[in-house]
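Input: a single structure, listed below in structure tokens.
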Amino acid sequence: MPRITFFSLSFLICLFITQNQVFGTTKTKDSVDYYLRESKNHSFSNFNKAKFYLAKAEKVAKKLNDKNVIADVIYNYGSNYYINGSYDIALQNYIKAEEIYDFENNKLGVAKCLMGKGIIQQGFGRDKEALKNFNKSIVICKKFNDKKFTTKNLLNIGVSQTNLALYKEAYISFKEALEFSLKNKFSEDSQMAMNKLANIHFKKNNLDSTLYYYQKVLTDTIKPNLWEKAYALSGLSEVFLKKGDYQKAIEYGLKGLETAKKVGAKWDISRATEILSKVYSQQNDYKNAHHYLEINKKYNDSLYAESKIKEINILQLEAKEAENEKLIAKTEITHQKLNNTRIFVGFIFFLLISLLIFIYQYSKYANQKEKLYKQIDAKNKEIESQQSMIISQNSTLEELNQTKNKLFSVISHDLKSPINSLLQVIELNKDEDLTKEEQAVIYEHLHKQVEGTSAMLNNILSWASSQIDGAKVKFEKVELNQIIEETVNSLYRDAFKKKISFIHDKKDIHFVNADIGQARIILQNILANALKYAPLNSKIEIFYSEEEQYHNVHIKDFGDGINQSKIQEIMSFDKRLSSEKGTSMEEGTGLGLLLVKQFLLNNKGKLDIKSTEGKMTEFVISFLKHHS
């Protein structure tokens, strides 16, 4: 039951942030308050020292003979035993303090004890019962306008709602708790609420919102305590694991583990090691994955053993409390029934021993049964894993086979024409059927065709790489203006032949976040395409604009334009388009735009086309902005 440790955090804070209900003006009362504060200061670090100061407070409180002060001391005993993990003794103190508060008509004291009982029930998975106590407590707190305990109850209600998978209701509770804590500057409560909201968003796969809340906890102006810090760090590791950013996942996972060890939080240590094991497994680092899995198993076993022991203690305590109440009632009615009461207690004691023997035998049987189930479950998981691996391998082979067929089809089609032209020229030259003038014309045409074939092969190779290897993208800071200027220079020869000028507005420098190689291919294809369809003695304009997330490059030619049906075909295609001849009868392969669309998708970019038939065509290419 690992969530015992985790959900205890919400109660650990609420127990010791709140001041005592009774504050006196006399020196004796001030002494009680002093000892309670000193006890609180050592509650998380030195249990024996905390008990020492509570004993001092108890001694002074008994001399004062103020029932509310005595109840405050008993309540703080319960809080310290809760932190120490002695839930049965803690519950006993909460019940005792509640009885005194109720007798003294101290409603806020009763509300504190109700929340104490609820948090213990919550720790053992009895969230429906816990919610009843929290709701009773919060009604009292709101009635007396106690903002601190109202906030604590909202947090605990949200935790139980989360445990019961009532995520919508839990989200509302945590948001309300966050508003209360921020408004009243309860920094630890606000940090806890943000951690809980991050957890809800993660369960709903809202990763950006999850990141936002965890980072808010870590960057809060008030430094978070080690519990909240460990939870937020491990939470960030879990998010980056899901995003596939394994380096950050490891970085935050190790920090979360280190912080959890400092505070000795077993649940957080278990959580951090589980995440780290998954990250290393994804990176095929099975040595580290196994290492952290072993640590995780160790802490999970410890948490499970502790929870079982404490469950038995709680059952014993509840049985004893029921019996004690009956005995007290009988004693108050008459002392004459003392002998009968002793017989009854003896009988109950016999039943209790019998119950303990039964629990022991049943627990032994359940453990054996659980071990058998675990062995069966492990075998089933092993079989499922092997089946999943086979299915994955078959899928990969099928994709590779389809890619191979697609690649062979493209190459065979696009190389057929230039190779046939070469063969014809060789045959004519071999038979000496060509004059020098004819040779010059044919060789010039052949030179253009070979150049086009070379460009086509480059595109085919790039496209094939993206299909086979997935075109792995390496994002880096790229100066957009420089790449465009280099590409324009490489097209100078063809532009000179067609007497076309490039008008490049480069007064501002634009940096984007992209793979530089793929960015060059994208811009080269779009600029070459504009040059191909631009009329003789015209111009091509290149200018920039920006959006919130993107830098946009506008490439505009003044040719015949593209009709809307063709634009729709370009924007929605997932295959190579048929290429039309340029204004100087240039040939194309149709692979250029396929590469542009594929590489923009890889680089998280966008493509837009604006065209007026008979006047112009404008391609707008969008890259992610680079943020320093």
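Read-outs: derived from the displayed coordinates by stated rules, not from any lab. These numbers come from a predicted model, not from an experiment. In this analysis, Cβ positions are derived from the backbone assuming ideal geometry, glycine residues included, and neighbour counts consider all displayed protein chains.
Data for the structure
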| quantity | calculated |
| --- | --- |
| Fully extended contour minus Cα-Cα distance, from residue 359 to residue 222, at 0.36 nm per residue | 44.5 nm |
| Neighbourhood net charge (14 Å Cβ-Cβ; Lys/Arg +1, Asp/Glu -1) for residue 476 | +4 |
| Lysine pair count for region 232-276 [Cα-Cα under 24 Å; pairs on different chains or 8 or more apart] | 7 |
| Length gained when the stretch residue 351-residue 548 is fully extended (0.36 nm per residue, less Cα-Cα span) | 63.6 nm |
| Long-range Cα-Cα pairs in region 168-281 (distance over 20 Å), rounded percent | 38 |
| Extension gain from residue 539 to residue 262, taking 0.36 nm per residue of separation minus the Cα-Cα distance | 93.0 nm |
| Sparse-neighbour loop sites [chymotrypsin sites (Phe, Trp or Tyr not before Pro); region 103-176; at most 16 other C-beta within 10 Å; DSSP] | 144 |
| Net charge over other residues, Cβ less than 12 angstrom from the Cβ of residue 83 (K, R count +1; D, E count -1) | +2 |
| Total charge dipole magnitude, region 473-568, about the Cα centre, Cβ charges on Lys, Arg, Asp, Glu only, Debye to nearest 20 | 560 |
| Diffusion constant of region 20-178 at 25 °C, which comes from Stokes-Einstein with the Kirkwood Cα-pair radius and 0.890 mPa s, µm²/s | 152 |
| Order of 600, 108 - criterion: other Cβ atoms within 10 Å of each residue's Cβ, fewest first | 108, 600 |
| Net charge of Cβ neighbours under 14 Å - reference residue 375; Lys, Arg +1; Asp, Glu -1 | +2 |
| Pairwise label distance in nanometres, residue 337 with residue 383, each label 7 Å out on the Cα-Cβ vector | 6.1 |
| Principal semi-axes in Å for region 471-624 [√(5λ), Cα gyration tensor, largest first] | 23, 19, 14 |
